[in-house]
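The values are calculated or read from the model by the stated rules, or taken from the named source; none is laboratory data. In this text, all values refer to a predicted model and were calculated from it rather than measured experimentally. Using ideal geometry, Cβ is built from the backbone for each residue, glycine included, and neighbour counts are taken over all protein chains shown.
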Amino acid sequence: MRDGVKLFTAVYAPKDTSHRFPFLINRSPYSISPYGEDKYPARLGPSPEMARAGYIFVQQDVRGRYMSEGQFVEMRPQLEAHAKPQDIDESTDTYDTIEWLLKNIPHNNGRAGLTGTSYPGFYAAAGLLCGHPALKAVSPQAPMVDLFLGDDNAHNGAFYLAANFGFYQYFGEHKHPQRPGNESLFEMGTNDGYAFYLGLGSIAEGEQKYYQHRNPYFAELLQHTAYDDFWQARSLTPHIHDVQPAVLAVGGWYDAEDLQGPLRLFMNASTRNPQAPVSLVMGPWVHGGWHGPRGNHLGPVEFGQDTARFFQESIETPFFEKWLRDGQDPKLPVAWMFETGTNKWLTFNAWPPPAAQRRTLYFAEHGGLSFDPPRQKKGYDQYVSDPSKPIPATSFIAPGMAREYMIDDQRQAERRPDVVSYQTAPLDHDVTLAGPIGVRLMASTSGTDSDWVVKLIDVYPADTPDPSPNPAGVHLGGYEQLVRGEPFRGRFWKSFSKPEPLPSNQFVEIHYTMPDVLHTFKQGHRIMVQVQSSWFPVVDRNPQKFVPSIPFAKAADFQPATERIGHSAAEPSRLEVLVLN
């Protein structure tokens, strides 16, 4: 690199020396093992189709990880300028890598592509900004773009406990280049994540017991619980503009980790002076499911086709072939989206679709939900939220953040006294929602802090047949499928940067945006919305008493609180949606 640091890089080149091949680069913090000139990974490239097409595959340990030199910085901040050799970030490391490859690897055609999923997706997104003229195509897949505002770390200020606590046990600090094998693996000792995380006490107590203050990355999370300079510097959002390569942003509707990243990247890259085409693909996938074996179902929810192969053969491979080898133009649309509920692929020339109409779903008395605004002058529902008995995030026992929670049956939640539900009558026609979901919640708490989790749910008719085969014994009649759920931490009701106590027993408007959907509620189904104040252990527990730092809250700080949800003309709780006819 320009500052003298060496990054360990494995290059797998075709034996055919009669042709020139493009580079396809993947930069990772997770080790590019196996190491050694006589060792080969189980597969090369993101898919068998790409391996057969013929590329010079490049894999690299990022700075400070495994066999690479230098210091690792988690989601290293992107710099605005690089005037000195010491001014390095992930875009300069990408630039310098491409420059070295062009000069030192024979039989290349002078073009490079960049791809990666999850954390490597972040490195692809940062590399997108490098400005090297040889970089022609980039596909950030499930990239982390803003860790505090919707990706792995937190959603609207609510810490994603199960996704983060165990992760850092094997994401330890490397003070010098080393091969894998020195990590201490995380052992819960139980498959019941709910019981395990409830037994931790506060997050700080869990950190002391399991990390013993030895993991600097997890310790940083506990010190930065608001959207402060630490998190703002790590956001790629301000930097995603004037992108020069072609872009293929990829995500999954049921990605429990990085659903927001590809949507945010696409929005900024496509609207802020792109120099080449920018496309978005969203399928019915969990995290990385587009490179899974089939992608034809998640739990009991069937999608009716091999969506992963379709993506690999019809979208991903043609994209790179076009831009890295002048292959046949696949003429990708701006957005290639899988519509859940009807299980079909749709294409759009913009996302969200310009034809979608803005509508509002209002909470109503007696558990109703309607596109008509409420008329009653007063009205609310209330429940008592007890942080010592948080609402389970799944209807089944799981060791952590099970990927199936994104489509799980919500009947178990509806039956709890600390959940309020609102639903339409059976629909007399299909209703398709396309785009982000705006939440406008009129809420109050008897405490001074609170979480509110809003869930959009598809309620199946009672006569829906069970899946066949049905080894899990699932009953789909009356199934309440989660379509989208998202928490909001109440202390950020005015600002994510400056948390403030909530005024006790006073209605305030909690407004935020849930990630996009493309889902059809079919005729005979119902649209349901549930509201609750815990979602455990996906989200850590809120004490419901305002404290300076929730990770360091004391046992006495965790107090029951009475929560109220307004549904009157004066306090209308509602969802703002886009309806596609």
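Observations
- Residue, surrounded by the most Cβ atoms within 10 Å (Cβ to Cβ), within segment 239-286, restricted to residues that are polar (S, T, N, Q) and either in contact (Cβ under 8 Å) with a residue 12 or more places away in the chain or under 20 Å from PRO487 (Cα atoms) (or both): GLN260
- Close contacts from segment 437-450, counting a first residue that is touching a residue at least 40 places away in the same chain (Cβ under 8 Å) and a second that is of a type in the set (Lys, Arg) and part of a loop (DSSP other than H, G, I, E, B), with Cβ to Cβ under 6 Å and a gap of 6+ residues or different chains, come to GLY447/LYS545; THR448/LYS545.
- A count restricted to segment 246-271 and to residues that are small (Gly, Ala, Ser) and either on the phi > 0 side of the Ramachandran plot or in a helix (DSSP H, G or I) (or both) stands at 3.
Yes/no matrix, rows are residues, columns are (1) of a type outside the set (A, V, I, L, M); (2) in contact with a Gly (Cβ under 8 Å, 6 or more places away or on another chain); (3) assigned by TED's automatic domain parsing to the domain that holds MET267; (4) buried (at least 19 other Cβ atoms within 10 Å of the Cβ):
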position	(1), (2), (3), (4)
GLY299	yes, no, yes, yes
ALA308	no, yes, yes, yes
GLN312	yes, no, yes, yes
THR317	yes, no, yes, yes
LYS322	yes, no, yes, yes
ASP329	yes, no, yes, no
VAL334	no, no, yes, no
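- Total residues in segment 11-50 satisfying the condition of being in a helix (DSSP H, G or I) and either within 24 Å of GLY64 (Cα to Cα) or touching a helix residue (DSSP H, G or I) at 6+ places or on another chain (Cβ under 7 Å) (or both): the figure is 2.
- Residue selected from segment 196-210 under the condition outside any helix (DSSP H, G or I) and either among the acidic types (Asp, Glu) or in contact with a Phe, Trp or Tyr (Cβ under 9 Å, 6 or more places away or on another chain) (or both), by the criterion surrounded by the fewest Cβ atoms within 10 Å (Cβ to Cβ): LEU200
- Condition met for TYR479 (in contact with a Pro (Cβ under 8 Å, 6 or more places away or on another chain) and surrounded by 18 or more Cβ atoms within 10 Å (Cβ to Cβ)): yes
- Meets criteria (crowded, with 22+ Cβ neighbours inside 10 Å and assigned to a loop (DSSP other than H, G, I, E, B)) for GLY295: yes
- All positions within segment 525-569 that are small (Gly, Ala, Ser) and farther than 17 Å from PHE159 by Cα: ALA555, ALA556, ALA561, GLY566, SER568, ALA569
- Matching residues in segment 238-285 - criterion: being among the polar types (S, T, N, Q) and either over 19 Å from the mean Cα position of the chain (by Cα) or modelled with pLDDT under 95 (or both): GLN244, SER270, THR271, ASN273, GLN275
- Here GLN78 passes the criteria (1) of a type in the set (S, T, N, Q); (2) in a loop (DSSP other than H, G, I, E, B); (3) in contact with a Pro (Cβ under 6 Å, 6 or more places away or on another chain) except the one numbered (3).
- Per-region count, segment 132-157, residues part of a loop (DSSP other than H, G, I, E, B) and of a type in the set (A, V, I, L, M, F, W, C): 7
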